[in-house]
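Written out below as structure tokens is the structure these notes cover.
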Amino acid sequence: MTLEVRQEFLDEFEEWPDAFLAGAFTLPGEGGEWTLALEFGGDLGTRPRLMEALSAGTRAFSHSSNGGKPMDFFHWYEDGELRTTYGWPANRSGSTPDELNAMMGAVGLNSSGDMDPSVDTEAAVMALAERLTGVRVTAQLLAESEYQLGVVPEEPVEVWESITIDITDANGERTYAQLRRDQL
């Protein structure tokens, strides 16, 4: 998925859409397969309801940046619970905000105060996620992977019964599934 694909998606709308373009692929990591999802221009990985549902019975991580500003957000959910989250490493919250402190220090993130200005915080957050998943995200991985693309709408209602996944890939192959809330 390129910025051009994102722009083509956005050009279809007169106003900023209430949906986001996302791509995902599966790859091996620690403990089995992981799904890596990339989203351009949205905030799906920061939404508690979505991340709680995605992490039910498993583990989910989210990393996001703030438009080039020196802010790299990290969210770790496990079995529907927010374990650790931060926008700045010294300002953590969640049910286990200090559990990753040693690992954070090992990748250059200072969990107790000021950051070393020579530390690339985005790279450090990616290294932290790699240590937790066994998945190394590289430019080559992102460029060469086959993505399943989809448009993810804003949450339309507070209560929902099911979701429908209807994706046609670049080869014309369709993936269709309807999942009830209790199946997620």
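Kindly evaluate ALA102 against the criterion of being loosely packed, with under 10 Cβ neighbours inside 10 Å, at pLDDT 80 or above and aliphatic (A, V, I, L, M). Outline the logic, then answer.
On the way: loosely packed, with under 10 Cβ neighbours inside 10 Å: yes; at pLDDT 80 or above: yes; aliphatic (A, V, I, L, M): yes.
The answer is yes for ALA102.
How many of the residues making up segment 128-150 are among the polar types (S, T, N, Q), in contact (Cβ under 8 Å) with a residue 24 or more places away in the chain and not in a loop (DSSP other than H, G, I, E, B)? Steps first, answer last, please.
Pass one, segment 128-150, residues among the polar types (S, T, N, Q): 133, 138, 140, 145, 148.
If we keep only those that are in contact (Cβ under 8 Å) with a residue 24 or more places away in the chain too, we end up with 133, 145, 148.
Those still in the list that are not in a loop (DSSP other than H, G, I, E, B) too: 133, 148.
Residues in segment 128-150 being among the polar types (S, T, N, Q), in contact (Cβ under 8 Å) with a residue 24 or more places away in the chain and not in a loop (DSSP other than H, G, I, E, B): 2 in total.
Quick one: GLY113 ticks every box in (1) at pLDDT 85 or above; (2) open to solvent by less than 60 Å² (accessible area, probe 1.4 Å) except a single one, so which number is it?
The single condition GLY113 does not satisfy is (1).
Select from segment 17-63 the residues that are modelled with pLDDT of 80 or more, farther than 20 Å from LEU179 by Cβ and either of a type in the set (S, T, N, Q) or in contact with a Pro (Cβ under 9 Å, 6 or more places away or on another chain) (or both) and list them in ascending order.
The one that is modelled with pLDDT of 80 or more, farther than 20 Å from LEU179 by Cβ and either of a type in the set (S, T, N, Q) or in contact with a Pro (Cβ under 9 Å, 6 or more places away or on another chain) (or both): SER62.
Any idea how many residues of segment 76-115 are touching a residue at least 24 places away in the same chain (Cβ under 8 Å) and not in a loop (DSSP other than H, G, I, E, B)?
Of the residues in that region, 7 qualify.
The values are calculated or read from the model by the stated rules, or taken from the named source; none is laboratory data. Predicted model, so just to flag it, every value in this text is computed and none were measured. All Cβ positions, even for glycine, are placed from backbone atoms using ideal geometry, and neighbour counts span all protein chains on display. Only protein heavy atoms, including side chains, enter the accessible area calculation; ligands, DNA and RNA are left aside. Shrake-Rupley method; radii C 1.70, N 1.55, O 1.52, S 1.80 Å.
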